[in-house]
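This report concerns only the one structure given below.
The values are calculated or read from the model by the stated rules, or taken from the named source; none is laboratory data. Since this is a predicted model, take the numbers as computed values, not measurements. Using ideal geometry, Cβ is built from the backbone for each residue, glycine included, and neighbour counts are taken over all protein chains shown. Keep in mind that these areas ignore ligands, DNA and RNA; they rest on the heavy atoms of the full protein, side chains included. Shrake-Rupley method; radii C 1.70, N 1.55, O 1.52, S 1.80 Å.
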There are 2 protein chains.
Amino acid sequence: MTAEAQRYPGHGTSTVYDTAQYAPDNPYPTRVADRPALIERREPTVWGDTRRPGPHTAEQLALHDRDGFSTVQGLLTPDEVAELAGELDRMAADPTLAGDDRTIVEKRSRQVRSVFEVHRVSRLIAELAADERLVGRARQILGSEVYIHQSRINYKPGFAGGGFYWHSDFETWHAEDGMPAMRAVSVSVSLTDNFPYNGCLMIMPGSHRTFVSCVGETPEEHYRESLRQQEFGTPDTESLALLADRYGIAQFTGAAGSALFFDSNCMHGSSDNITPFPRSNIFIVYNSVHNALREPFAAPARRPEYVAAREVTPVGRVG
Amino acid sequence: MTAEAQRYPGHGTSTVYDTAQYAPDNPYPTRVADRPALIERREPTVWGDTRRPGPHTAEQLALHDRDGFSTVQGLLTPDEVAELAGELDRMAADPTLAGDDRTIVEKRSRQVRSVFEVHRVSRLIAELAADERLVGRARQILGSEVYIHQSRINYKPGFAGGGFYWHSDFETWHAEDGMPAMRAVSVSVSLTDNFPYNGCLMIMPGSHRTFVSCVGETPEEHYRESLRQQEFGTPDTESLALLADRYGIAQFTGAAGSALFFDSNCMHGSSDNITPFPRSNIFIVYNSVHNALREPFAAPARRPEYVAAREVTPVGRVG
């Protein structure tokens, strides 16, 4: 694909970097220039054999490769959903967690929005994170043993749940955490029903193949604010319009207990939720053991390990 | 339906007014008490014969009666859509309109959000408002000649289009404009495609049969703020949860040129729009000539006539 083909009709200011001249050791420069750029992905999405045996079918792996995500309806049983939902309720009400750095509250309502590193807080969630239904799929996709890069629970209450603006997780993990390559996969396990209208996750299918280099430098301690509301590392509107025009938008809907596996570089976001139907999910990021973090590529300092683990311990049954 | 049947499991503080003891001449008290209440609708939704001839089919009228709304795909031709979209673009860019009281801008971005009384600003929109495809349906639904109570254009830009929180238009028109009965119908004509994810209109089907009495008094000049962001006359979360539980939520999607006719008392709202796909529509409210405005039922003063017309002139071909 040429730079020309990526221009958006009527705008045409997005260009593809000649990455060699910027940073020979960094194929994905971001937050270093004053103009956005689109960079084609170098590495595969499904690593190794797409017929590798495991819980994901060959068809699911092929869809994951093509779209950057794959879904599993009913990954959890209703009993498991109920048990984990109870755990989340307890955690949201836990006064010791409320004052913890790992807990992020809504900007306006001060309600709990996210809690990080939950696999170290909750035995139940640790068990889920090590469950073959999750880890087995992560191994199939990443073609290696995997470790937990990040875990969190997300709450989006009814009536006033705030959305997440469009972003690529990899852009942040690369810039702020020093993740070298796109060899991580996230899984979002729904504990509530996802409708098209209650702020469900939106993905641009296929967008994982394009890295959107963002403008502006990362301020110090940016993460404290960005986990509530991102201001740096957000893609420009022109690149988003181009990606949406090229790929369209998919919504992740389905009953509680379903799971979405998505590539670290998917362009995704969510709208707010004014409906009475709350949303909550458990979010676990598996990274390949061959993709351990280095120093941040575009930030003055590392983020805390509860956001970006630096201990590479394979999780689950080592195959 | 009894008060008991309307209690929401686990809450149970909503009750049905004995309206007679509050205001014998006002069946829909609102903004007068410190607790919300649910009041059953008294008047019909489709007035008169549901087989009355006109552009709406008998089936569409029956659906409108049951759900409180009805849709018409392709009401406008693509050429008409393009012509009207051009008109909206011109109006959004018109410096004389920008400084006009009738123009409402987004709270954050200052972009034009709505322009009121557009049938008096634009000849094209005046013609649309008098078109039999619209007026004929309004007459069928309201069973009488109709006049234009309000007209406006709404813009919801991509990336940052703000939503509208849940509300019943009738609640506001009754409280702040003195509309006596639920004998008005709105039509929203889409000039852009509506997807489930770009902030389309959500309605709770059947909610038009229940009036949600809101708490709190109306402050002076409330309309200046409320047209951007409503703060009074918003239903309480418990009543909304009850209605959503009972009726569910429908989304109005479809190609540009489609139209939604909905009852004045439908509970409706919309999410924000973070997608690159903007939304715009023309919104016209027809009121029955037998339902002319009185003094506000729950506000210190009338709102301006560009928001709530007091001149009752039948529109379109008088039948």
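Just for segment A:197-217: of the residues that are β-branched (Val, Ile, Thr) and out of contact with any Phe, Trp or Tyr (no Cβ under 7 Å at 6 or more places or on another chain), which one is modelled with the lowest pLDDT?
A:Val215
In the set A:Pro55, A:Pro44, A:Pro36, only one residue is surrounded by 14 or more Cβ atoms within 10 Å (Cβ to Cβ) and touching an Asp or Glu at 6+ places or on another chain (Cβ under 6 Å); that residue is A:Pro36. Considering the conditions (1) within 22 Å of the chain's Cα centre (by Cα); (2) within 30 Å of B:Met204 (Cα to Cα), B:Glu127 is excluded by exactly one of them, (2).
Within segment B:200-216, track down each residue that is of a type in the set (A, V, I, L, M, F, W, C), part of a loop (DSSP other than H, G, I, E, B) and open to solvent by less than 10 Å² (accessible area, probe 1.4 Å). Within segment B:200-216, B:Cys200, B:Met204, B:Cys214 qualify.
A residue that is at pLDDT below 90, closer than 21 Å to B:Leu191 by Cα and in contact with a strand residue (DSSP E or B) (Cβ under 8 Å, 6 or more places away or on another chain) can be found somewhere in segment B:80-92. The strands (runs of 3 or more DSSP E) located wholly in segment A:87-183 that include 2 or more residues which are open to solvent by 20 Å² or more (accessible area, probe 1.4 Å) and within 14 Å of chain B (Cβ to nearest Cβ) occupy A:164-168. Criterion first (closer than 29 Å to A:Gly68 by Cβ, out of contact with any Leu (no Cβ under 6 Å at 6 or more places or on another chain) and at pLDDT below 95) does A:Gly162 satisfy it? Considered against the rule, which asks whether it is closer than 29 Å to A:Gly68 by Cβ, out of contact with any Leu (no Cβ under 6 Å at 6 or more places or on another chain) and at pLDDT below 95, A:Gly162 comes out as yes. Counting only residues that are within 14 Å of chain A (Cβ to nearest Cβ) and touching a helix residue (DSSP H, G or I) at 6+ places or on another chain (Cβ under 6 Å), segment B:258-311 holds 2 of them. For segment B:232-271, the tally of residues that are open to solvent by less than 30 Å² (accessible area, probe 1.4 Å) and within 14 Å of B:Trp166 (Cβ to Cβ) stands at 20.
Checking the stated criteria, B:Tyr197 turns out to be open to solvent by 10 Å² or more (accessible area, probe 1.4 Å), in a loop (DSSP other than H, G, I, E, B) and of a type outside the set (Asp, Glu).
So in segment A:66-86, with the set limited to residues that are assigned to a loop (DSSP other than H, G, I, E, B) and open to solvent by less than 90 Å² (accessible area, probe 1.4 Å), which one is farthest from A:Arg41 (Cα to Cα)? Ranking the qualifying residues of segment A:66-86, first place goes to A:Thr77.
Taking segment B:300-319, which residues are closer than 16 Å to B:His290 by Cα and within 16 Å of the chain's Cα centre (by Cα)? Steps first, please.
Initial filter on segment B:300-319 (closer than 16 Å to B:His290 by Cα): B:308-315, B:318-319.
If the condition is that a residue be closer than 16 Å to B:His290 by Cα and within 16 Å of the chain's Cα centre (by Cα), then B:Ala308, B:Ala309 are the ones that fit.
Test A:Glu220 against the stated conditions and say whether it is assigned to a helix (DSSP H, G or I) and either in contact with a Phe, Trp or Tyr (Cβ under 7 Å, 6 or more places away or on another chain) or modelled with pLDDT under 90 (or both). No: the conditions fail for A:Glu220.
B:Glu171 falls short on exactly one of the conditions (1) under 18 Å from B:Gly68 (Cα atoms); (2) modelled with pLDDT under 95; (3) not hydrophobic (A, V, I, L, M, F, W, C), and that condition is (2).
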